Amino acid sequence: VSPVQTLFSLGIALMVPMLFAALGEVIIEKSGVLNVGIEGVLLVGAFAAAVGVNYGNGSIWVGLLVAIGAGVVCGIILALLYVRLGTDQIVTGIMFNILAFGLTTTLAAKYVHASESAQFPDWHIPLLHDIPGVGNVLFDQDVLVYASIVLAALVFYLTRRTWFGLYSRAASEFPRAAESAGLNVWRLRYAAVIVGCVLAAVGGAELFANSGGFVAGYTNGRGFIALAIVVLARWNPFWVVAASLLFGVAQALQFEADKLGFLGDIPSHVLVALPYILVLAAVVFARGSRYPAAVGIPFRPTRSST
Amino acid sequence: VTTGQPAALPPRHRLEERLRSLTLPRGITLWSILRVLAALAATLIIFAILLQVLGTDFGTAFNAVTDSAFGNSFNLGQTLMIASILIATGLAAAIPFRAQLWNVGGEGQMWFGAFVTIGIALNLPKGMAPGLSVTICVIAAMVAGAVWGLVPGILKATINANEVITSLMMTFIAIELGNWAIDTIWPQGASNETMSVPANTLMPNIWTGTLVTWGLPLAVIAAIIAWAVMNRTKLGFEIRAVGLNPQSARMNGMSVSKVAIVTFALGGAFAGLAGAIFILGINSALPSGFPLNNFGYLGIAVALVARLSPLWIIPSAVLFAALRVGSDGLQASTGLSTTVGQILVALFVILLLGFRLIRFSYPEVASR
């Protein structure tokens, strides 16, 4: 296996938490909510997976279930704040991140042992796995990698080909008009925020599985990178996959650079900071990308409903 | 959206209306005071439940926190020094927030300020007068913070980049720069921090028996300057006007781009000051566990509770600093992580937001 193959193989594994989070964020933003709290949801997901693994005899599937449950709880809390109470979404999100950091760090110090870890099972796809060059990079990954690609297609279908996608586009561009056409904007946003948070929490579970244990504040801005990925990909789930892969490989560089000749001379701290620098470059590159018009603005229904 | 007054309110709303209409001096209504109390009570109840889960009861925790935050003059001094950091990071958030520009990168601007402070302090001539060397370091840190803040500010002004994303990315870059300083640029043996800055660059002590240094008056002066800028200058008026309504501010000849750049530079400069106060006035070196304190992010909470008013930031910062220092006492007596104080802060602010005690105005999308 060549170092470049290892780099991409690792990059694909590292892309998954950001990909799940970014796909969730696509659904949320397409309904007209900006979820800055995504970083906190990712962290809570990772912590919940750690708890599940710790108290579920080391089974990652128990961890995944607990993470999904935690994602639902986060989604309900955030939906109540963002949608029902109409709080400012950026400020609420940042405060939610502090809350998530404080809670997970405090609880982890007491209940989760950093040594405890579990992986999702690998899945070698027969035949495809034997393609020279790319086979062992693309088709020798854990099951969540394949799940995330399938999910991207599902999210594409959901946001572009279903009534939910059509209504949520209306709710994110011109909610007042959507309301007058009979849509319950709040109910749609509740659903979107909860589903999006569940996806982010699943990403957190993969983050936990990748890293072999729960570390305080381990997300290190992956949720915020997911926010940038969504803008860079212009809310298109397939471009989200491509952008996530870019940042996954950028993160993998810090572990593999020493085997890649000239890259080994770059100080490791520069490589650690590389994904963040890349985000700034991506923001400049994606400068034409516009948020849906109503994103970030609380909606107050004309008649009080639900 | 304009809502006409309904002819007859249902009974529940009639009570609410009556409570709303009881107004105390300066526009504070009894209704808002009730909501503050409700938010506070809800925060404490949730936190008490959490403490039970963690195996501590609320009374013990309360005593441990108040004792280590205010118990004696030394502890009070510690609280005031942490408060001076939070005043500065609070200003870093408050000024851009007044223009509805979300500078959430105070953490990184503070780190970069601390980074530059150490770099300058280590390289100043050894015989330099303390007053001069401290002044140079503080100004350098403020310029550094402003530069770090200018990146998201300029990206916002020129290409309308989401300043939340860019300022957060600058934060992670700054933290990595700090880690680089700790283990490669200015390492201090095997310990997990940078070299200590020389004695002639440290801020002098101003309260014997405590560790209170010139950092505290500097932070208070910064808050007063910020108040004066916001309330007594044309620039402050423009910042507030852009925050209330960017469209009408633009139509009245104000430059929204200029306000974006200036507020981010000002905010960054105050965050840089926080970094200088931390290095020159408190710790004399950059420790690797520093990001766990989240002082930059807590500054946002400080600013919000102060309703973005520079002078109210001072008591707000003292309150949150007491929680931070109190968490140390809690750790010593119960073994809980010091991050427990951050839970309380975040819960409180989220509930204040939920009770609509912290609100922002938005343009109505439907009118476009």
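How much FRET efficiency would the formula 1/(1 + (r/R0)^6) give for B:ILE46 and B:SER288, where r is the Cβ-Cβ distance and R0 is 25 Å, rounded to 0.05? Calculated value: 0.20.
Here the Kirkwood formula, the inverse mean of 1/r across different C-alpha pairs, assigns chain B a hydrodynamic radius of 21.8 Å.
3J(HN,Hα) couplings calculated from phi for segment B:100-116 with the Karplus curve 6.51 cos²θ - 1.76 cosθ + 1.60 (θ = phi - 60°) are, in sequence order, 6, 10, 9, 7, 9, x, x, 4, x, 5, 5, 4, 5, x, 5, 4, 5 Hz; Gly and Pro show x.
Against chain B, whose longest principal axis is taken from its Cα atoms, helix B:295-305 shows a tilt of about 30°. Put a plus charge on the Cβ of each Lys and Arg, a minus charge on the Cβ of each Asp and Glu, and nothing anywhere else: the dipole of the protein assembly as shown about its Cα centre is then about 2840 debye. Averaging the Cα positions of each part gives two centres, and for segment B:197-267 and segment A:95-143 these lie 44 Å apart. Straight-distance candidates among the lysines for linking to B:LYS258, with alpha-carbon spacing under 19 Å and chain neighbours fewer than 8 residues away dropped: B:LYS156, B:LYS234.
Label-to-label distance, B:THR29 versus A:LYS259, with points set 7 angstrom from Cα along the beta-carbon direction: 6.6 nm.
Using every Cα-Cα pair within the protein assembly as shown, state what percent have a distance larger than 41 Å. Walk me through the numbers before you get to the answer.
Details: 61027 of 226801 pairs.
Value for the protein assembly as shown: 27 percent of Cα pairs lie more than 41 Å apart.
Take the alpha carbon gyration tensor of segment A:95-252, find the square roots of its eigenvalues, order them as a ≥ b ≥ c, and report rounded if a/c is under 1.5; if not, report prolate when a/b exceeds b/c, else oblate. Oblate. Under a model in which nothing but the beta-carbon of Lys, Arg (+1) and Asp, Glu (-1) is charged, segment A:135-227 shows a dipole of about 420 debye around its Cα centre.
The simple spin-label model puts a point 7 Å past each Cα toward its Cβ; for B:THR233 and A:GLN119 those points are separated by 5.8 nm. Hey, what angle do you get for helix B:340-354 against the long axis of chain B, alpha-carbon based, 0 to 90 degrees rounded to 10? Roughly 30 degrees between the two axes.
Working ranking of peptides B:298-304, A:192-198 by packing, defined as the average number of other Cβ atoms within 10 Å per residue, highest first, is B:298-304, A:192-198. Size descriptors for segment B:209-368: radius of gyration and Dmax over Cα atoms are 18.4, 62 Å. Projected over every direction and averaged, the convex hull enclosing the alpha-carbon atoms of segment A:115-181 yields 8.3 nm².
What is the Cα convex hull volume of segment A:55-145 when expressed per residue in Å³?
Details: hull volume 14.4 nm³, N = 91.
Normalising the Cα hull of segment A:55-145 by residue number yields 159 Å³.
Compute the normalised compactness of segment A:180-306: alpha-carbon radius of gyration over 2.2 N^0.38 Å, N being the residue count. Present the calculation step by step, with values, prior to reporting the outcome.
On the way: Rg = 18.8 Å, N = 127, 2.2 N^0.38 = 13.9 Å.
The reported ratio for this selection is 1.35.
Less than 5 angstrom separates the built amide H of B:LEU124 from none of the residues sequence-distant by 5 or more or on a different chain. Taken along the Cα-to-beta-carbon direction at a fixed 7 Å, the label points for B:LYS126 and B:ASP57 span 5.9 nm.
A Förster radius of 35 Å combined with the Cβ-Cβ distance from A:VAL134 to A:ALA281 puts the calculated FRET efficiency at roughly 0.85. Calculated over chain A, the projected area of the Cα convex hull averaged across directions stands at 16.6 nm². Projecting the Cα atoms of B:ALA265, B:ILE136, B:PHE320 onto the charge dipole of chain B (Cβ charges, centred on the Cα centre) puts B:ALA265 farthest toward the positive pole. In chain B, helices alone account for a calculated mean residue ellipticity at 222 nm of -22500 deg cm²/dmol, with every DSSP H run of four or more residues adding -39,500 (n - 2.57).
How large is the Kirkwood hydrodynamic radius of segment A:1-73, counting all unique pairs of alpha carbons, in Å? Write down the numbers at each step before the final one.
Numbers: mean 1/r = 0.0726 Å⁻¹.
It works out to 13.8 Å.
How compact is segment B:203-255 by the rule of thumb for globular proteins, expressed as Cα Rg over 2.2 N^0.38 Å? List each step's numbers first, then the result.
Numbers: Rg = 17.8 Å, N = 53, 2.2 N^0.38 = 9.9 Å.
Expressed relative to 2.2 N^0.38 Å, the Cα Rg reads 1.79.
If R0 is taken as 51 Å, the Cβ-Cβ distance between B:MET251 and A:ASN184 corresponds to a FRET efficiency of 0.90.
Take every residue in peptide A:58-68, count the Cβ atoms of other chains within 10 Å of its Cβ, and give the average of those counts.
On the way: counts 0, 0, 0, 0, 0, 0, 0, 0, 0, 0, 0.
The mean count of partner-chain Cβ atoms within 10 Å per residue comes to 0.
Treating the angle as unsigned and between 0 and 90°, give the value, to the nearest 10°, between the Cα long axis of helix B:313-334 and the longest Cα principal axis of chain B. It is inclined by approximately 70 degrees. Annotation: amide H of B:THR29 within the under-5 Å range of B:LEU24, sequence separation 5 or more or interchain, hydrogens built in the peptide plane. By the Cα gyration tensor, segment B:301-361 has an equivalent ellipsoid whose semi-axes, rounded to whole angstrom, run 25, 14, 6 from largest to smallest.
In the protein assembly as shown, a dipole from Cβ-located charges (positive for Lys and Arg, negative for Asp and Glu) runs towards its positive end, and of A:ALA13, B:ILE33, A:TRP239 it is B:ILE33 whose Cα lies farthest in that direction.
Computed from the coordinates by the stated procedures, all read-outs in this text should not be read as laboratory data. Fair warning: this is a prediction, and the values are worked out from it, not measured in the lab. Note that each Cβ is placed from the backbone with ideal geometry, even for glycine, and that neighbours are counted across all protein chains shown.
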